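As structure tokens, the structure follows; a few thoughts come after it.
The values are calculated or read from the model by the stated rules, or taken from the named source; none is laboratory data. Here the structure is a predicted model, which is why all the values come from computation and not from measurement. Glycine gets a Cβ as well: all are built from the backbone with ideal geometry, and neighbour counts include every protein chain shown. With ligands, DNA and RNA removed, areas are computed over all heavy atoms of the protein, side chains included. Shrake-Rupley method; radii C 1.70, N 1.55, O 1.52, S 1.80 Å.
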2 protein chains.
Amino acid sequence: VALNSLSDLLLHELKDLYSAERQLTQALPKMIKACKSAELAEALTVHLAETEGQIQRIERAFGLLDHTPRSQKCKGMEGLLEEGKSLLEEDADPDVLDAAIIGAAQRVEHYEIAAYGTAIAYARTLGLDDVAALLAESLDEERAADEKLSVLAEGGINALAHVGEAQD
Amino acid sequence: VALNSLSDLLLHELKDLYSAERQLTQALPKMIKACKSAELAEALTVHLAETEGQIQRIERAFGLLDHTPRSQKCKGMEGLLEEGKSLLEEDADPDVLDAAIIGAAQRVEHYEIAAYGTAIAYARTLGLDDVAALLAESLDEERAADEKLSVLAEGGINALAHVGEAQD
């Protein structure tokens, strides 16, 4: 891929995000299945539905740019999800695993926060306010999902992971 | 690695961060060399020095936990840096590449923001306020580095990448 212009770079970002979000929809069900906390499973299930909506927004952004949606394998997300998958394979206490799943999911959210933030900045510089507004909806969802995970971790799941330890 | 307790998980996070930061010190010099913007090169050079300090803080955190510093290959950072390396290999306009380097570096910053945030939350739950305070210093640096990159992107580098395009 030649990156001769900021428009090329925006398309590159969209292809990366398209791949990232699609990889995530494959990985989230396994993470949800591994949750002990029903609240955590619920939060990730809501985010899976949001992710499907975000994929549609990326497709609409491609459309606004007169391009067919295409992926370019996002190696960043691939690495993050491999890391998450390794966690699920560890010999782990279920409460501790919940805390670990939140850590893995927040890394994913932060990848997306960075990637959407970058793409939105490019779109604004290019005067593509419609594309920027569309991606900003997804960015808001990612930030809210990250915040929700922090609330779950600090509002009980980390403490539960620690209670088990204190009882050992 | 068995994850039987929140203490196990904190150690796991520290090993992951230790690997992530060390991988980053290997990768940053190549990114700095590829910058056209002197301001961007300077910001990344400052962050390379910060990263070296962050590695020392992680080593001190291991010490506070009576553990020898050890890495566990951080696949997340590995993926992010592979992605960044691919960018440097693209056939790219130098101004466009600067914008792309910022995007790659902000993904890295956000990985670290998520990872330090998680480790700090674990340390607090475990009552390890000294470890939490140490890692919070690094978290503040990561957030400031991310903010600085946004300022550079939106304060001129993205516009420069677009000016080249307008002239084509």
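Miscellaneous remarks
- Positive-end ranking of B:Gln23, B:Ala41, B:Val96 along the dipole of chain B, with charges on Cβ about the Cα centre, is headed by B:Gln23.
- Distance between modelled label sites at B:Lys36 and B:Ser71, nm, 7 Å Cα→Cβ extension: 3.3 nm
- Here the spin labels are modelled as points 7 Å beyond Cα on the Cα-Cβ line, and at B:Gln56 and A:Gln56 they lie 5.3 nm apart.
- Computed magnitude of the charge dipole of region A:75-168 (debye, nearest 20; Cβ of K, R +1, Cβ of D, E -1): 440 debye
- Protein accessible surface hidden between A and B, which excludes ligands and nucleic acids, total in Å², probe 1.4 Å: 3800 Å²
- Kyte-Doolittle mean at least -0.5, axial Cα span of 27 Å or more - DSSP H helices of chain A: A:6-34, A:38-64, A:94-125, A:129-152
- Accessible surface for chain A, divided over its residues, is 41 Å² per residue with a 1.4 Å probe.
- Protein heavy-atom surface of region B:53-161, 1.4 angstrom probe: 47% of the accessible area is carbon and sulfur, with nucleic acids and ligands not counted.
- Scaled against the 2.2 N^0.38 Å expected of a compact globular protein of N residues, the Cα radius of gyration of chain A reads 1.13.
- Cα gyration tensor category, rounded, prolate or oblate, for the protein assembly as shown with a/c compared to 1.5: oblate
- Selected from A:Ala92, A:Ala41, A:Ala153 as most flexible by GNM, with chain A as the system and alpha-carbon contacts under 10 Å: A:Ala92
- Here chain A is treated with +1 on each Lys and Arg Cβ and -1 on each Asp and Glu Cβ, and its dipole about the Cα centre works out to around 660 debye.
- Stokes-Einstein diffusion coefficient of region A:85-168, Kirkwood radius over Cα pairs, 37 °C, 0.692 mPa s, in µm²/s: 225 µm²/s
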